[in-house]
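Just so you know, all these numbers are worked out from the coordinates, no wet-lab data involved. The structure presented is a predicted model; accordingly, all values stated were derived computationally and were not measured. Glycine also receives a Cβ, built like all others from the backbone with ideal geometry; neighbour counts cover every protein chain displayed.
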Amino acid sequence: MWGKSKTKATKIETLIGTSIEVRGDLIFTGGLHVDGKITGNVIAEDGSDSMLILSDHGCIEGEVRVPYVVLNGEIIGDVYAAERVELSSHAQVNGNVYYNLLEMAMGSEVNGSLVHCKNEKKLLEFQKDNSSEDEEESTKPHATAS
């Protein structure tokens, strides 16, 4: 955005077009460009240098766990980026952003917390803590109205 771009150059191997809607978790490696809608979690395989690019037409409803993230669309859920997050001018995140490096353009929105994590190990701990809390919630008995 300012000066030379320091974004990792990753080959885009997967494209989700504007007329496509994916329902379910998406696990990938390499580059993923999203112009459509994903209802589910978007997860890069462990140990990969994967990158997600979400265009201004794109929308993800679920958690994002990708080392390199470039956002210009909407995410409803938490974002975990072990390396870098770029929030472009139309980016809107309704959830927490856990990041190592962050770049925010004027006009981008984060409706949640920004949590800086210097090392990937600590970032992965946040992921595990949140997923174990979700599992505990799903195993707790719920009261029902009669």
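Computed quantities for the displayed model
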{"read-out": "Amide proton proximity set for Ile43, modelled H, under 5 Å, gap of 5+", "value": "Leu26, Ile27, Phe28, Arg65"}
{"read-out": "Residues whose placed amide H lies under 5 Å from that of Tyr98, excluding near-sequence neighbours", "value": "Val79, Tyr80, Ala81, Val115"}
{"read-out": "Residues with amide H under 5 Å from that of Gly58, placed H, sequence gap 5 or more", "value": "Glu74"}
{"read-out": "Sorted by Cβ density within 10 Å, fewest first, the residues His116, His90", "value": "His116, His90"}
